[in-house]
Amino acid sequence: MNSVTIRNLLVRGMLAGLAAGVLALVVAYLLGEPQVDAAIAFEEAHSHEHEMEVVSRAVQSTAGLATGVLVYGVALGGIAALAFCFALGRIGRFGARATAALLSGAALLAVYLVPFLKYPANPPSVGDPDTIGKRTALYFLMMLLGILLAVAATILGRRLAPKLGNWYAAVAAGAAFVVAIGLAYAFLPAVNEVPHDFSATLLWQFRLSAIAIQLVLWTAFGLVFGHLAERVVPTRSQATAAEAAPAVS
């Protein structure tokens, strides 16, 4: 894969991330923002201090939300495109679409779901402001572990495949990944700072909406980028035909 192909895939990854970000923005606005408003109302009802807003809530829930989600989507798309360039042909005999789908699914699992299950997202008014640094560090540590363990599981599966076959190698690698993540969950400290009178229903709905946003984002990216990447990366049959063309002439 030459530099021109990598550049084309990078651009297409960023465009796919932007498209996925638009869909995720719709989900965030329809599902996430009502839960945020309810959490802010809870915080204001239980707070004796009234702070002046630097940015109004209306701007936060529209222009601010759009900027954050779309920039995140573009950045995510660029990073995922570079990961795609490295993964293509190294994780199996998969084409561009299948590789994009597998990469998106693995990223959703390792980058989001693994840290989320240990340190789930919380709405405003949940969490001690004095521990935000510690909570952020723990979350990113769990994210890093998820990525590294996912890569290690992939390498393990490929090394076991010649001895066990693809199916049992994948099962063994998956089991090793789950065990390693379980040990990380057991040894890393837990964080539970939800107020005792905070609505459990609101907390559950907020976390479900957070999962829905990421699910839409990664699914849309995998589908759109797979389609765009297939136009840049030739299929195996096309590559074989191109190699055989000079011999025929």
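The values are calculated or read from the model by the stated rules, or taken from the named source; none is laboratory data. Since the structure is predicted, the reported quantities are computational estimates derived from the model, not experimental observations. As a convention, Cβ positions derive from the backbone with ideal geometry for all residues, glycine included, and neighbour counts pool all protein chains shown. Note: accessible area is taken over every heavy atom of the protein model, side chains too, but ligands, DNA and RNA are not part of it. Shrake-Rupley method; radii C 1.70, N 1.55, O 1.52, S 1.80 Å.
A few notes on this one:
- Working note: Karplus 6.51/-1.76/1.60 with θ = phi - 60° gives the range 81-97 the couplings 5, 5, 5, 4, 4, 6, 7, 4, x, 9, 10, x, 8, 10, x, 5, 5 Hz, where Gly and Pro are set to x.
- Compared with the dominant principal axis of the Cα atoms in the chain, helix 236-248 is inclined by about 30°.
- In the chain, the calculated helix contribution to ellipticity at 222 nm averages -24500 deg cm²/dmol per residue, counting -39,500 (n - 2.57) for every DSSP H run with n ≥ 4.
- If the convex hull is drawn through the Cα atoms of the chain, its volume per residue in Å³: 149 Å³
- Share of carbon and sulfur in the accessible heavy-atom surface of the chain [1.4 Å probe, %]: 69 percent
- Cα shape, the range 56-178, gyration tensor, a/c 1.5 rule: oblate
- Spacing of the modelled spin labels on Asp128 and Ser56, each 7 Å from Cα toward Cβ, amounts to 3.6 nm.
- The chain: relative contact order as a whole-number percent, Cα under 8 Å and 6+ apart: 37 percent
- Three principal axis extents describe the C-alpha atoms of the range 1-125; from largest down they are 60, 29, 21 Å.
- Exposed loop sites are taken as GluC sites (Glu not before Pro) in a DSSP loop (any state but H, G, I, E or B) with at most 14 other beta carbon atoms within 10 Å; the longest stretch of the chain without one runs 54-192.
- The range 89-116 versus the range 53-88: alpha-carbon centroid distance in Å: 20 Å
- Shape category assigned to the range 153-231 from the gyration tensor of Cα positions, a/c cut at 1.5: oblate
- The range 1-27 and the range 192-232: distance between their alpha carbon centers, rounded to Å: 19 Å
- Rolling a 1.4 angstrom probe over the protein heavy atoms with all chains in place gives the range 1-119 an accessible area of 56 Å² per residue.
- Residues of the range 113-154 with amide N under 18 Å of a point placed 7 Å along Cα→Cβ from Glu44: 123-126
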